[in-house]
Amino acid sequence: MPEDTTALPNLFMMSQGCILLLMLKQHLKELYRFTDSKIHRYSPTEQAKVWDKPLTGKQR
């Protein structure tokens, strides 16, 4: 343990936020069947293509 532990609570809270975002990303990948390569190719400034399929969730 470091001698000065005053920064640890803030670091702990920030790490919880990162874990939550990673869990959300995984959930959305499973729900909409995204692949990592599709996520990396995504560009928010690019216009939608005519041949792009609309999003559909997993059938339950």
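Observations
- Cα gyration tensor category, rounded, prolate or oblate, for region 15-59 with a/c compared to 1.5: oblate
- Value of [θ]222 nm, deg cm²/dmol, for the chain, DSSP H segments ≥ 4, -39500 (n - 2.57) each, nearest 500: -17000 deg cm²/dmol
- Degrees, to the nearest 10: 8-32 long Cα axis against longest axis of the chain: 20 degrees
- Between Ile39 and Leu11, the FRET efficiency estimated from the beta carbon spacing at R0 = 25 angstrom works out to 0.35.
- Hits among lysines - C-alpha to C-alpha of Lys29 under 19 Å, sequence gap 8 or more where chains match: Lys38, Lys53, Lys58
- Where GluC sites (Glu not before Pro) fall in DSSP loop in the chain, at most 15 other Cβ within 10 Å: Glu3, Glu46
- Chymotrypsin sites (Phe, Trp or Tyr not before Pro) within the chain, DSSP loop, no more than 10 other Cβ atoms inside 10 Å: Tyr42, Trp51
- Here each label is just a point 7 Å from Cα along the line to Cβ, and for Cys18 and Asp52 those points are 3.0 nm apart.
Every number here is computed from the coordinates shown, using simple stated rules; none is lab data. Just so we're clear, the structure is a prediction, and the values are computed from it rather than from any experiment. Cβ sites come from the backbone with ideal geometry, for glycine too, and all protein chains shown count toward neighbours.
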